[in-house]
């Protein structure tokens with residue numbers, strides 16, 4: 001590879017990973033504001049958890065439509081609009097005093113913008129712009145960007161809360177997202193450019209119809225539901241888990257940071273492993289590791305070092321499912337219209353995310369403990385590990401590459 005092509009490749013990765021770092025980092029630090037929001041509004045943990053849970057669901061609902069838009073009008077335009085929506089939604093959240101107001105700011109504007117500037121669009125844009133032999137590692141690097149954002153922004157958010165107060169801190173976080181606007185120019189282009197010359201290109205509706213008739217694609221979506229449940233529960237309630245262990249708030253910021261730091265390692269390692277082992281086997285391994293880690297945590301003493309160690313293990317498996325899931329979608333259907341089809345899979349992820357975020361608050365209010373959510377998480381993880389085994393990774397030759405009209 002020439003130096004100019006290598007430079008262009010890394011520029012694409014920097015744009016995509018940097019965008020994911022700012023959007024995902026901002027979203028993942030929002031759990032630090034859950035308790036101050038509850039104190040300021042007096043709405044109750046369940047009501048505020050509902051706003052966060054709706055955000056998880058809306059983020060997923062946005063993905064297929066954002067993907068279809070990116071496949072048609074170009075990723076750059078979609079990323080630009082999404083970034084502005086995140087900034088606006090985050091900035092106005094402190095002014096919301098009702099459940100519906102929080103749902104609008106957190107659940108519709110911020111989450112919808114994050115969906116537009118999220119993994120479906122970013123992974124598809126990267127797949128389109130990166131040579132096939134580099135796509136596995138590239139997906140891992142882009143995914144690691146989201147983790148780095150969490151690692152870097154969680155301590156920043158916690159520091160801003162102490163120095164400026166929670167409301168101003170949240171508004172500063174919203175403004176920081178605007179730093180990823182230049183990436184919209186670098187990642188411009190649509191899926192039509194990904195289709196080889198002369199190859200049949202399917203319309204969006206036909207592409208989705210074909211995918212929903214594919215058993216392996218459906219199983220992939222079922223497994224990703226569990227990932228959403230697990231990730232959203234941790235992202236929303238890990239600070240609450242820390243507090244329930246009797247530890248000071250500073251440990252909450254550091255557990256989120258460690259979660260993000262080790263997810264960088266897990267994501268890059270997964271990208272490397274994808275070129276060496278079957279992706280469905282890697283996914284089964286990750287879900288099994290999650291179940292075992294949670295089981296050990298339930299019986300371990302709840303001290304600060306134990307929480308950090310648990311966050312590190314969870315980080316290794318946190319979003320490392322995204323590169324092989326995106327890789328399987330690309331392997332099944334090709335890069336054309338991948339944003340749409342990966343967006344559909346992300347929808348199942350976020351349905352699980354809605355339940356993980358919402359039920360976490362409901363169960364804690366009802367029982368005073370998160371244990372029952374951990375039990376459900378273990379069972380779902382084991383089920384996800386099993387459901388990936390029948391996936392046919394080597395798909396039969398398709399009549400045409402899936403793409404947008």
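The values are calculated or read from the model by the stated rules, or taken from the named source; none is laboratory data. Remember, predicted model here, so these are calculated numbers, not experimental data. No Cβ is skipped: glycine too gets one built from the backbone with ideal geometry, and neighbour counts run over all protein chains shown.
Just so you know, in segment 59-68 the residues that are over 13 Å from residue 338 (Cβ atoms) and surrounded by 24 or more Cβ atoms within 10 Å (Cβ to Cβ) include one that is modelled with the lowest pLDDT, and it is 60. For residue 275, the criteria (1) in a helix (DSSP H, G or I); (2) touching a helix residue (DSSP H, G or I) at 6+ places or on another chain (Cβ under 8 Å) hold in every case but one, which is (1).
Taking the condition within 22 Å of residue 349 (Cβ to Cβ), surrounded by 24 or more Cβ atoms within 10 Å (Cβ to Cβ), in contact with a helix residue (DSSP H, G or I) (Cβ under 7 Å, 6 or more places away or on another chain) and modelled with pLDDT of 85 or more, does residue 123 pass? No; evaluated as a whole, the condition is false for this residue. Taken together, 161, 170 contain a single residue that is surrounded by fewer than 24 Cβ atoms within 10 Å (Cβ to Cβ), touching a residue at least 12 places away in the same chain (Cβ under 8 Å) and part of a helix (DSSP H, G or I), which is 161. Scanning segment 129-166 for residues that are within 16 Å of the chain's Cα centre (by Cα) and farther than 22 Å from residue 179 by Cβ yields 139, 140. Within segment 70-90, the set of residues being over 20 Å from residue 173 (Cβ atoms) and crowded, with 24+ Cβ neighbours inside 10 Å comprises 70, 71, 75, 78. Just one of (1) over 23 Å from residue 108 (Cα atoms); (2) crowded, with 21+ Cβ neighbours inside 10 Å fails for residue 343. It is (1).
Checked against the criterion of being surrounded by fewer than 17 Cβ atoms within 10 Å (Cβ to Cβ), outside any helix (DSSP H, G or I) and modelled with pLDDT of 85 or more, segment 346-368 has at least one qualifying residue.
Only a single criterion out of (1) at pLDDT 85 or above; (2) closer than 30 Å to residue 38 by Cβ; (3) surrounded by fewer than 20 Cβ atoms within 10 Å (Cβ to Cβ) is not satisfied by residue 152, namely (1). Note on segment 33-51: among residues that are modelled with pLDDT of 80 or more and within 22 Å of the chain's Cα centre (by Cα), the one that is surrounded by the fewest Cβ atoms within 10 Å (Cβ to Cβ) is 34. Across segment 248-262, the qualifying residues are those that are under 23 Å from residue 359 (Cβ atoms) and in contact (Cβ under 8 Å) with a residue 60 or more places away in the chain, and the one among them that is surrounded by the fewest Cβ atoms within 10 Å (Cβ to Cβ) is 252.
Exactly one residue out of 178, 137, 104, 186 is at pLDDT 75 or above, farther than 12 Å from residue 26 by Cα, surrounded by fewer than 24 Cβ atoms within 10 Å (Cβ to Cβ) and touching a helix residue (DSSP H, G or I) at 6+ places or on another chain (Cβ under 6 Å): that is 186.
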